[in-house]
Amino acid sequence: MKCVFVTVGTTSFDDLIACVSAHDSLQIIQSLGYKDSLKEDLQKADLVISHAGAGSCLETLEKRKPLIVVINERLMNNHQLELAKQLHKDGHLFYCTCSMLPGLLQSMDLSTLNCFPPGQPEKFSAFLDKVVGLQK
Amino acid sequence: MGGALILAAAAGALALLLLAVRLWVVLSPRAPVPRRSLSLLVVAGSGGHTTEMLRLLENLSNAYSPRHYIVADTDEMSTHKINSFEQIRADRNPSATFPEYYVHRIPRSREVQQSWLSSVLTTLYSMWLSFPLTYRVKPDLVLCNGPGTCVPICISALLLGILGIKKVIIVYVESICRVEHLSLSGKILFHLSDYFIVQWPTLKEKYPKSVYLGRIV
């Protein structure tokens, strides 16, 4: 499967990302035979190094892959840090800044990471059924 | 001249008082009305919000039908995700022959990083468009999880109650990303929703009136 790698290097180039992600561009890219999801890459990985995005973190943890989250220090007040910090506290991932990454890679022990239990949407539906008065 | 002004001020104050009383009545907890089905209005926000929302909906029974999804007009990805989700649902339940879901589009309340002032203006504009849509659908239940789009929708749902048209149950689920602090939508809707669900114990401690069911996505 062919893969398109779009990079903005160490700059920010939102227009590029926007126009590549636009529906028409994506359709053309797909029709040319490129893949639209990183699920396969994630499946094959033995270690994932990721930014602090919630989607990236959760998807990786659900696939039971060891995860290192690297914080983008230029994005202060980024609310997504809260989730990464909490997951780190709960022992599900490692967490560092770019400068700390080599040290962490050297010293980390992946076996200390805890399994990430799946969420329970059934608790939500049970709660909702009760409060809206749904009769079985 | 002075008399007319005083009269106008008095009328305004009375209207506000009436509004406050009606709001208080609408938001007061009441026993659930037993029912066999209910129509659902789901506010789908960009990216992660939609993914989380669809996970919440995964386990809902077919009694929650029809499902009306509201999507921001610039959000193609959410529409795609919703269609896939509903397709899987339809495959699992071939006996349902009528369309069980609809997708509606409204302008986004607020783009990411948009300034505060222009956010207020675009939110007012969204209200102008949300209310007719909410009025038309008259859902039994509104479900949302934090995108800016949900504030005008929830206020519209509240208005239906205030105007005596229909009592709409508003359920807000704060995103799993929110561990210690509520989102802006969360802060606004905490006081205006019937059930406010958080997914981390820290938030439950800070907001004791919220509902904590553990991690539900």
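Debye calculation, C-alpha points only, no solvent: report log10 I(q)/I(0) for the range B:115-217 at q = 0.16, 0.20 Å⁻¹, in the same order as the q values.
-0.70, -0.99
For the protein assembly as shown, what is the charge dipole size about the Cα centre, in debye to the nearest 20, if Lys and Arg each add +1 at the Cβ and Asp and Glu each add -1 at the Cβ?
1200
For chain B, max minus min Cα coordinate along each principal axis, in Å, sorted largest first?
68, 40, 38 Å, listed from the longest principal axis down.
So for chain B, averaging the separation of alpha carbon pairs under 8 Å that are six or more residues apart and normalising by length, what relative contact order in percent results?
19
Please list log₁₀ I(q)/I(0) at q = 0.21 Å⁻¹ for the range A:45-114, using the Debye equation with identical point scatterers on the alpha-carbon positions.
-0.86
Can you give me the Cα centroid spacing of the range B:55-88 and the range B:136-214 in angstrom?
18
Give me the distance in nm between label points sitting 7 Å out from Cα along the Cα-to-Cβ direction at A:D109 and A:V20, one decimal.
Each label point is offset 7 Å from its Cα along the Cβ direction, giving 4.0 nm.
Helix-only estimate, please: 222 nm mean residue ellipticity of the protein assembly as shown, summing -39500 (n - 2.57) across DSSP H runs of length 4 or more and dividing by its residues, to the nearest 500.
Only helices count here, giving -14000 deg cm²/dmol.
How much accessible area is lost when chains B and A come together, counting both sides, with a 1.4 Å probe, in Å² rounded to the nearest 100?
2900
With a 1.4 Å probe and all protein chains left in place, how much of the accessible area of the protein assembly as shown comes from carbon and sulfur atoms, in whole percent?
The C+S portion of the solvent-accessible surface of the protein assembly as shown is 62 percent.
What would the Debye equation give as log₁₀ I(q)/I(0) for the range A:90-136 at q = 0.14, 0.32 Å⁻¹, counting only Cα atoms as equal point scatterers?
-0.57, -1.12
Looking at the protein assembly as shown, I'd like the Rg to Rh ratio, where Rg is from alpha-carbon atoms and Rh is Kirkwood's inverse mean 1/r.
1.00
Mind listing, in residue-number order, the residues in the range B:160-179 that have at least 10 Å² less accessible area with every protein chain present than in their own chain alone (1.4 Å probe)?
Residues meeting the cut-off: B:I169, B:V171, B:I176, B:C177, B:R178, B:V179.
Report, in order of residue number, the helices in chain B meeting two criteria: a C-alpha extent of 20 Å or more along the helix axis, and a mean Kyte-Doolittle hydropathy of at least -0.5; treat each whole DSSP H run as one helix.
Once both thresholds are applied, what remains is B:2-27, B:116-137.
The values are calculated or read from the model by the stated rules, or taken from the named source; none is laboratory data. Everything numeric here is computed off the predicted structure, so don't read it as measured data. Quick reminder, even Gly has a Cβ in these numbers, built from the backbone with ideal geometry, and neighbours come from all protein chains shown. Note: accessible area is taken over every heavy atom of the protein model, side chains too, but ligands, DNA and RNA are not part of it. Shrake-Rupley method; radii C 1.70, N 1.55, O 1.52, S 1.80 Å.
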